[in-house]
Amino acid sequence: MLTVNAYAAPSATGDLIPTTIERRDVGPHDVLIDIKFAGICHSDIHTVRGDWGPQSYPLAPGHEIAGVVAEVGSAVTRHRVGDRVGVGCMVNSCGECANCQAGEEQFCLAGNTGTYGAVDRDGTITQGGYSTHVVVTEAFVLRIPDGLDLDVAAPLLCAGITTYSPLRHWGAGPGRNVAIVGLGGLGHMAVKLAHAMGATVTVLSQSLKKQEDGLRLGADHYRATSDETTFTDLAGSFDLIVNTVSAAIDINAYLQLLKLDGALVNVGAPADPLPVQAFSLITGRRSFAGSMIGGIRETQEMLDFCAEHGIGAEIEVVPASKINDAYERVLASDVRYRFVIDAATF
């Protein structure tokens, strides 16, 4: 076993603290990664605070990992020492079910193995990227193209693929009107990606305070949802709406903004239910759907797309000692638009 420095939550209520965690020995198909940067995702906060269910502690979160290969197992063929690589929200799956065989490991019928807080193949609880090193089976290690700096690439492993996947699946592109609800860690990536895909992009945000940013990132239009005229002016306008916020919203009001056969796709994960009225769907043959991350193949496609189009996350790099401050700022929406931890400070 390899003992490495990390930051971990000792409980659902305590601050994250410096500690050490153990990584398994590098097996034949494993890759040891020297972590350079780890993004802070709102999911990290939800998980360590028990918002999505009880956890095993201590728990080191982090599923936006960018680094360099330090060692490879004897049977590894995909990666070499010195390669620039990343790890996202999952580190394994059954590999045998229909979804895994289709390259949709995120929907593994046996349940994929999360990067942290999940039961690993050896029965231990996985620990995430808030650490100096991680050992991952080679099939779940992504190649980060040379055109992407590691710090701006780290959030792509969650925020990037979480928004890229529904945009691709529901056909964002030229001639399509796409709305992005919320301009935060997920929303700012959705705007960049939808714009690069060629769609006409509208941001729907509570206020206009981030309008300048939204337009700079690639939005064609920016409307405040606190203004009631937004919902009357834009009724029947969009082919696709991607909802990135993790708070409860009036889904029925947003469904009215869809064209015939339009889809509203939820990628945020609010703790409370989102009630949907049947007539909001059937009166326009509208769809209300959900999406999470993508599979490994699609995640690599996303990284290559971002490198081709010069897309990275808008970040603020912080030392490990500022993780708890960063958590509070995320909860206060005081970040534009993703915190990234410098792993050299663990």
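We did not get these values from a lab; they are worked out from the coordinates using the rules stated. Everything numeric here is computed off the predicted structure, so don't read it as measured data. Here Cβ is always computed from backbone atoms with ideal geometry, including for glycine, and neighbour counts include all displayed protein chains.
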Karplus-derived 3J(HN,Hα) from phi for the range 65-72 (6.51 cos²θ - 1.76 cosθ + 1.60, θ = phi - 60°), whole Hz, x at Gly and Pro, runs 10, 10, x, 10, 5, 9, 7, 10
Longest principal axis of the chain (C-alpha) makes with the long axis of helix 296-309 (C-alpha) an angle, in degrees to the nearest 10, of 70
As straight-line cross-link partners of K322, the qualifying lysines (C-alpha separation under 17 Å, not fewer than 8 residues apart within one chain) are K36
Taking the Cα-to-Cβ direction at D334 and at C94 and moving 7 Å from each Cα, how far apart do the two end points lie in nm? 4.6
Can you work out the FRET efficiency for the pair V119 and T3, with r the C-beta to C-beta distance and R0 = 22 Å, to the nearest 0.05? 0.55
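How big is the charge dipole of the range 15-97 about its Cα centre, in debye rounded to the nearest 20, if each Lys and Arg gets +1 on its Cβ and each Asp and Glu gets -1 on its Cβ?
Values: 7 positive and 11 negative charges, 38 e Å.
Dipole size: approximately 180 debye.
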For the range 220-346, build the charge dipole from Cβ charges (+1 Lys, Arg; -1 Asp, Glu) around the Cα centre, then report which of A289, Y327, L257 sits farthest towards its positive end. A289
Return the sequence-ordered ³J(HN,Hα) values of the range 265-281 in whole Hz as given by the Karplus equation 6.51 cos²θ - 1.76 cosθ + 1.60 applied to θ = phi - 60°, using x for Gly and Pro. 10, 8, 10, x, 10, x, 6, 9, x, 10, x, 10, 8, 4, 5, 5, 8
Taking 20 °C and 1.002 mPa s as the conditions, I'd like the Stokes-Einstein D for the range 160-290 in µm²/s, using the Kirkwood hydrodynamic radius from alpha carbon pairs. 150
Ellipticity estimate at 222 nm from DSSP helix runs (n ≥ 4, -39,500 (n - 2.57)) divided over the chain, nearest 500: -6500 deg cm²/dmol
In straight Cα distance, which aspartates and glutamates are under 16 Å from K192, not counting same-chain residues fewer than 8 positions off? E212, D213, D220, E301, D304, E308, E314
Working out 0.36 nm times the residue gap between A224 and S287, then minus their Cα-Cα distance, what length gain in nm do you get to one decimal? 20.4 nm
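Could you calculate the contour length gain from A12 to A271, that is, 0.36 nm times the residue separation minus the distance between their Cα atoms, to one decimal place in nm?
On the way: separation 259, 0.36 × 259 = 93.24 nm, distance 1.61 nm.
Here the answer is 91.6 nm.
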R0 = 41 Å: FRET efficiency of D250 with A344, Cβ-based, nearest 0.05? 0.40
To the nearest 10 degrees, how steep is helix 159-169 against the longest Cα principal axis of the chain, on a 0 to 90 scale? 50
A correct Karplus calculation of ³J(HN,Hα) over the range 327-339, with 6.51 cos²θ - 1.76 cosθ + 1.60, θ = phi - 60°, whole Hz and x for Gly and Pro, returns 4, 5, 5, 4, 5, 8, 6, 9, 8, 10, 9, 8, 7
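What is the ratio of the Cα radius of gyration of the chain to 2.2 N^0.38 Å, where N is its residue count, to two decimals? Each step should come with its number before you reach the end.
On the way: Rg = 19.8 Å, N = 346, 2.2 N^0.38 = 20.3 Å.
Dividing the Cα radius of gyration by 2.2 N^0.38 Å gives 0.98.
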How much net charge surrounds G295 when only other residues with a Cβ under 13 Å from its Cβ are counted (Lys, Arg +1; Asp, Glu -1)? -2
For A289, enumerate residues with amide H under 5 Å from its amide H, sequence gap 5+ or separate chain, H modeled in the peptide plane. L264, V265, N266
